[in-house]
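Okay, so here's the structure we're looking at.
The values are calculated or read from the model by the stated rules, or taken from the named source; none is laboratory data. Please read all numbers here as calculations on a predicted model, not as lab measurements. Note that we place each Cβ from the backbone using ideal geometry, even for glycine, and neighbour counts take in every protein chain shown.
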Amino acid sequence: MNPTLATIAEIGARCWPPSEAAPDATPALAERHPIPSRLAELEAVVHRGQCAFYEVGKALRTIRDERLYDAAFGSFEAYCKVRFQMPKAEVNRMILAAGRADNLVATESDAAE
């Protein structure tokens with residue numbers, strides 16, 4: 001599997017359903033290598049950011065697909081540019097990544113059954 005896609009699938013699996021807590025290290029690893037509190041804090045920030053990226057992509061996709069944005073903007077692209085200061089390429093990357101994560105998590109779930 002492509003490493004980028006594996007990472008996206010892992011993020012999707014950890015963030016679905018969304019969780020505020022960072023995943024715990026395995027107990028054996030934690031006993032051998034305690035995580036300093038500063039490192040644990042920073043790892044939690046990274047985890048929340050990964051989940052936020054996934055959640056933002058899903059939200060943008062829903063806004064686009066259900067045309068929830070105000071028609072006064074004229075297009076989804078204009079809406080994102082004005083409302084979030086996000087160019088089309090960035091919006092598309094986020095939506096694509098969330099979709100890939102959803103697909104990979106679903107594929108892995110089907111394969112496990």
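Inspect all residues belonging to region 65-75 and state whether any of them is in a helix (DSSP H, G or I) and buried (at least 17 other Cβ atoms within 10 Å of the Cβ). Can you show your working first?
We begin by selecting, within region 65-75, every residue in a helix (DSSP H, G or I); these are 65, 71-73.
Those left that are additionally buried (at least 17 other Cβ atoms within 10 Å of the Cβ): none.
Within region 65-75, none of the residues are in a helix (DSSP H, G or I) and buried (at least 17 other Cβ atoms within 10 Å of the Cβ).
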*Matching residues, region 89-113, being over 18 Å from the mean Cα position of the chain (by Cα) and either of a type in the set (Asp, Glu) or modelled with pLDDT of 95 or more (or both)*: Asp110, Glu113
_Quick check on Gly57: is it at pLDDT below 90, under 18 Å from the mean Cα position of the chain (by Cα) and not in a loop (DSSP other than H, G, I, E, B)?_
no
